[in-house]
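Notes follow the structure.
The values are calculated or read from the model by the stated rules, or taken from the named source; none is laboratory data. In this text the structure is predicted, and so the values were computed from the model without any measurement. Because the Cβ atoms are built from the backbone with ideal geometry, glycine has one as well, and the counts that use them run over all protein chains shown. Just the protein is used for accessible areas: all its heavy atoms, side chains included, with ligands, DNA and RNA removed. Shrake-Rupley method; radii C 1.70, N 1.55, O 1.52, S 1.80 Å.
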Amino acid sequence: MKQEQRSLMLTGAFFKKIIITKDAPAPYYNDDGVLVMWIYDFLLNENSLDNC
């Protein structure tokens with residue numbers, strides 16, 4: 001998780017920062033403003049990124 005987040009932080013504020021995992025219980029934002037989301041929520045809910 002730290003490795004993935006480190007590369008996201010280098011992109012600046014131009015893009016949404018999202019990490020897709022296989023073990024996140026519910027979508028949440030971590031302390032750095034990165035959205036962490038379960039892969040099934042991302043794949044099966046076509047509106048999963050609309051509320052972010």
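Descriptive notes on the structure:
- Here the scattering of segment 1-46 is modelled by Debye summation over its C-alpha atoms, one equal scatterer each and no solvent; at q = 0.15, 0.26 Å⁻¹ the log10 of I(q)/I(0) is -0.37, -0.97.
- Inter-label distance for Y40 and I19, nm, one decimal - labels placed 7 Å from Cα along Cα-to-Cβ: 2.1
- Dipole of the chain, positive direction: furthest Cα of Q5, I19, L44, with charges on the beta-carbon: Q5
- Probe 1.4 Å, accessible area per residue of the chain, Å²: 82
- Within the accessible area of the chain (1.4 Å probe), percent carbon and sulfur: 56
- Computed from backbone phi with θ = phi - 60° and the Karplus coefficients 6.51, -1.76 and 1.60, the 3J(HN,Hα) list for segment 33-49 is x, 8, 7, 10, 9, 6, 4, 5, 4, 5, 7, 8, 10, 5, 9, 4, 9 Hz; x is used for glycine and proline.
- For the chain, a simple Cβ point-charge model (Lys and Arg +1, Asp and Glu -1, everything else neutral) yields a dipole of about 200 debye relative to the Cα centre.
- Estimated at 0.36 nm per residue, the fully extended path between S7 and N30 surpasses their Cα-Cα distance by 6.8 nm.
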